[in-house]
Amino acid sequence: MASISDIANEFIREEIEEFLEEPDEIALAIDTFAQATPAMQDIAAALIDGDHHTVDELTEAALEAGTEALEIMDDGLIAAMGIVGIKFRENFIFVPEVLACARAMKAGMAYIEPILSESGIEPIGTVIMGTVKGDLHDIGKNLCIMMLRGAGFVVHDLGVDTSEDEFIEAVEEHEAPILGMSALLTTTMPNMGKTIDAFIDEDLREEVKIMVGGAPVTQTFADDMGADGYGKDALACVALAKQFLEAPDEEW
Ligand code: B12
């Protein structure tokens, strides 16, 4: 197990010591940042600080120095968002600060997206993606979309606050065999189930494989609402979409 002194970045060490209280969360944060390079820690620190200019500069510099886009995404951007999430939950920061962090995340993703989306391979299938009704969180969904495009999928992004009818219309219009829904709020998670029910009501449920994800979503919740699959992160999202195409009749 790593110790806090293994983290090179002083700002991150201070953030962990000042704002994290749960032993599991402290251990995870220490492990995550201790194995990240100093350059990734610097990106993470700038994001936690809500400094989009610095995230922009450091991400560009890291790519120029030959760092893999996926490493920047995982060890820099997503790792930092974990700390932001805890600070938000514990009321150390509020919506304006989180928005600044989200803006910093987007500044980094602006460099990562073209790289991860540039698969150069023939399109392998079509996916409709959207965040469910009432929910405005789109960072995780956008990461999934980037990775799907990078894997060769054509993705139609319905954005946030997507109604059942909008999901149905998009699946029909694009004859998409796969639909992905994202939800970050416990209050909007049930809208995934409502959307699945709407597909059943329209007699379209057999036409489309439905995958769900987002921080509060679990495999059990996905099973209960009748989804075909649950993915814990963007890599799992791509793996699920590929499995749906390769063996559409199997259960996941
Ligand atoms: C950033 C953020 C915001 C930003 C959103 C900016 C944006 N453009 O997205 C802003 C400030 C706008 C915001 C607003 C609110 N938020 Co908010 N937010 C967050 C925060 C800190 C991070 C979310 C995030 O981006 N995570 C990083 C991404 C990479 O992770 P992810 O979304 O989980 O996605 C990954 C996986 O889940 C998966 N995945 C995601 N989607 C899908 C889909 C499929 C198909 C698959 C397979 C996989 C998959 O892959 C992704 C990549 O690995 C979370 C805290 C948290 N721990 O999640 C709170 C959090 C979600 N928010 C919360 C709350 C309460 C709110 C507000 C109600 C606050 C308020 N009082 O106004 C509003 C709601 C607005 C609304 N109607 O949606 C709560 C929800 C609590 C709950 N029980 O429901 C959280 C958990 C914070 C907390 N603990 O209190 N928020």
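Quick look at the numbers
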| read-out | value |
| --- | --- |
| Odd one out for A62 among (1) part of a helix (DSSP H, G or I); (2) without any contact (Cβ under 8 Å) to a residue 12 or more places away in the chain; (3) more than 20 Å from V98 (Cα to Cα) | (2) |
| Long-range neighbours under 6 Å by Cβ, at least six apart or interchain, first residue in the same structural domain as L136 (by TED's automatic domain parsing) and outside any loop (DSSP other than H, G, I, E, B) within segment 169-193, second more than 9 Å from the ligand (Cβ to nearest atom) and charged (D, E, K, R) | I178/K209; N191/K133 |
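Each row is one residue, and each column tells you yes or no for (1) surrounded by 23 or more Cβ atoms within 10 Å (Cβ to Cβ); (2) of a type in the set (A, V, I, L, M); (3) over 30 Å from I196 (Cα atoms).
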{"site": "E71", "(1), (2), (3)": "no, no, yes"}
{"site": "F92", "(1), (2), (3)": "no, no, yes"}
{"site": "E97", "(1), (2), (3)": "no, no, yes"}
{"site": "A104", "(1), (2), (3)": "yes, yes, yes"}
{"site": "I121", "(1), (2), (3)": "no, yes, yes"}
{"site": "M129", "(1), (2), (3)": "yes, yes, no"}
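Residue by residue, here is whether (1) near the ligand (Cβ under 9 Å from one of its atoms); (2) touching a residue at least 60 places away in the same chain (Cβ under 8 Å); (3) under 30 Å from L185 (Cβ atoms); (4) of a type in the set (K, R) holds:
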{"residue": "E25", "(1), (2), (3), (4)": "no, yes, yes, no"}
{"residue": "A39", "(1), (2), (3), (4)": "no, no, no, no"}
{"residue": "A44", "(1), (2), (3), (4)": "no, no, yes, no"}
{"residue": "D51", "(1), (2), (3), (4)": "no, no, yes, no"}
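The values are calculated or read from the model by the stated rules, or taken from the named source; none is laboratory data. All of these numbers come straight from a predicted model, not from anything done at the bench. Here Cβ is always computed from backbone atoms with ideal geometry, including for glycine, and neighbour counts include all displayed protein chains.
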